[in-house]
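The values are calculated or read from the model by the stated rules, or taken from the named source; none is laboratory data. As the structure is a prediction and not an experimental result, all values here were calculated from the model. Glycine also receives a Cβ, built like all others from the backbone with ideal geometry; neighbour counts cover every protein chain displayed. Ligands, DNA and RNA are excluded from the accessible area calculation, which covers all protein heavy atoms including side chains. Shrake-Rupley method; radii C 1.70, N 1.55, O 1.52, S 1.80 Å.
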Amino acid sequence: MPKHSPIHLDPRSPLVLDTRELPRRPGALRTVKRVVPAPADLGLELIGVPEGADLDLDLRLESVSEGVLVSGTVSGSVQGECGRCLRAIGDSLTVTVQELYAYENSTTDETTDEDEVGRLQGDLIDLEPALRDAVVLALPTNPLCRDDCPGLCPECGVQWDELPADHSHQQIDPRWASLSQLTRKEE
Ligand SMILES: [Zn+2]
Ligand SMILES: [Zn+2]
């Protein structure tokens with residue numbers, strides 16, 4: 001039974017880290033600083049990192065006895081819309097990543113599940129799942145353009161900010177009510 005994910009990693013893929021230059025000796029370090037395009041659907045329904053936008057990776061790869069510890073930050077811009085008034089929101093985001101990737105056939109590999117501890121595939125690390133988790137956790141599920149955004153008038157759907165303070169919708173205007181009675185008589 002195959003223990004490892006059958007997806008073969010492409011070393012040229014922007015979120016795949018190559019550890020060939022990192023000696024497999026505990027304590028060995030290598031830094032990865034690069035700007036990569038964001039993958040599709042990085043975020044939540046209302047807010048996320050636009051596909052192809054710059055993601056700034058500032059990572060440290062450290063050899064530990066059973067694998068490689070990846071830690072550092074990833075930053076980028078986010079775009080979305082306000083959950084109350086639907087106005088566009090732009091912001092920036094920095095997330096912290098800290099994830100251990102076990103060597104294939106190490107004790108950790110044999111004694112843990114892949115969803116507990118990540119795995120190296122040969123010399124390669126797929127950073128994308130950890131990055132997705134970190135980004136999703138950092139984003140608000142109900143993003144707002146500002147904390148006290150009043151949202152939309154439920155009757156006409158116009159932003160309260162754009163409406164006069166006395167804006168209201170009368171349920172039934174008495175003049176129209178009598179007019180509709182007249183029309184009914186004519187029928
Ligand atoms: Zn709003
Ligand atoms: Zn209204």
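Criterion first (over 30 Å from Glu162 (Cα atoms) and either of a type in the set (Lys, Arg) or free of Cβ contacts under 8 Å to residues at least 24 places away in the same chain (or both)) does Thr73 satisfy it? Even if it seems obvious, please write down each step before you answer.
Numbers: over 30 Å from Glu162 (Cα atoms): yes; either of a type in the set (Lys, Arg) or free of Cβ contacts under 8 Å to residues at least 24 places away in the same chain (or both): no.
Criteria not met by Thr73.
Might you let me know whether segment 149-157 holds any residue that is modelled with pLDDT under 95, open to solvent by 10 Å² or more (accessible area, probe 1.4 Å) and either outside any loop (DSSP other than H, G, I, E, B) or of a type in the set (Lys, Arg) (or both)?
No, segment 149-157 contains no residue that is modelled with pLDDT under 95, open to solvent by 10 Å² or more (accessible area, probe 1.4 Å) and either outside any loop (DSSP other than H, G, I, E, B) or of a type in the set (Lys, Arg) (or both).
Could you please let me know if Pro143 is modelled with pLDDT of 90 or more and either open to solvent by less than 60 Å² (accessible area, probe 1.4 Å) or within 16 Å of ligand 2 (Cβ to nearest atom) (or both)? Full working, then the answer.
On the way: modelled with pLDDT of 90 or more: yes; either open to solvent by less than 60 Å² (accessible area, probe 1.4 Å) or within 16 Å of ligand 2 (Cβ to nearest atom) (or both): yes.
Spelling it out, Pro143 is indeed modelled with pLDDT of 90 or more and either open to solvent by less than 60 Å² (accessible area, probe 1.4 Å) or within 16 Å of ligand 2 (Cβ to nearest atom) (or both).
What's the total number of residues in segment 14-36 that are under 20 Å from the mean Cα position of the chain (by Cα) and open to solvent by 70 Å² or more (accessible area, probe 1.4 Å)?
Total meeting the criteria: 2.
Are there any pairs with C-beta distances below 9 angstrom linking a residue in segment 31-59 that is farther than 27 Å from Cys85 by Cα and charged (D, E, K, R) to a residue that is at pLDDT below 95 and open to solvent by 10 Å² or more (accessible area, probe 1.4 Å), with the two at least 6 apart or on different chains, and if so which?
Filtered contacts from segment 31-59: Arg34/Pro14.
Any residue in segment 63-74 that is surrounded by 16 or more Cβ atoms within 10 Å (Cβ to Cβ) and closer than 23 Å to Gly90 by Cβ?
There is at least one residue in segment 63-74 that is surrounded by 16 or more Cβ atoms within 10 Å (Cβ to Cβ) and closer than 23 Å to Gly90 by Cβ.
Suppose we keep only residues that are open to solvent by less than 40 Å² (accessible area, probe 1.4 Å) and away from ligand 2 (no atom under 16 Å from the Cβ) within segment 75-89. Which one would you say is nearest to the chain's Cα centre (by Cα)?
Taking segment 75-89 first, the residues open to solvent by less than 40 Å² (accessible area, probe 1.4 Å) are 75-76, 78, 80, 82-83, 85, 89.
Remaining after also requiring away from ligand 2 (no atom under 16 Å from the Cβ): 75-76, 78, 80, 82-83, 89.
Numbers: Ser75: 11, Gly76: 10, Val78: 8, Gly80: 11, Cys82: 16, Gly83: 16, Ile89: 14 Å.
Ranking the qualifying residues of segment 75-89, first place goes to Val78.
Residues that are part of a loop (DSSP other than H, G, I, E, B), touching a residue at least 40 places away in the same chain (Cβ under 8 Å) and buried (at least 18 other Cβ atoms within 10 Å of the Cβ): does segment 100-109 have at least one? Steps first, answer last, please.
Of the residues in segment 100-109, the ones part of a loop (DSSP other than H, G, I, E, B) are 103-106.
Among the residues that remain, those that are also touching a residue at least 40 places away in the same chain (Cβ under 8 Å) are: 103-104, 106.
Applying the additional criterion that residues be buried (at least 18 other Cβ atoms within 10 Å of the Cβ) yields 103.
Among the residues of segment 100-109, at least one is part of a loop (DSSP other than H, G, I, E, B), touching a residue at least 40 places away in the same chain (Cβ under 8 Å) and buried (at least 18 other Cβ atoms within 10 Å of the Cβ), which makes the answer yes.
Here are some residues: Asp133, Asp115. Which one is modelled with pLDDT under 90, out of contact with any Gly (no Cβ under 8 Å at 6 or more places or on another chain) and closer than 30 Å to Ser65 by Cα?
Working: Asp133 fails: modelled with pLDDT under 90.
The match here is Asp115.
Any residue that is on the phi > 0 side of the Ramachandran plot and modelled with pLDDT under 95 - is there at least one of those in segment 45-59?
no
Can you tell me which of (1) outside any strand (DSSP E or B); (2) under 30 Å from Asp123 (Cβ atoms) is the one Gly83 doesn't meet?
(2)
Take Ser92 and tell me if it is open to solvent by 60 Å² or more (accessible area, probe 1.4 Å), under 30 Å from Asp148 (Cβ atoms), part of a strand (DSSP E or B) and touching a Ser or Thr at 6+ places or on another chain (Cβ under 7 Å). Spell out the reasoning first.
Numbers: open to solvent by 60 Å² or more (accessible area, probe 1.4 Å): yes; under 30 Å from Asp148 (Cβ atoms): yes; part of a strand (DSSP E or B): yes; touching a Ser or Thr at 6+ places or on another chain (Cβ under 7 Å): yes.
So Ser92 fits the description; yes.
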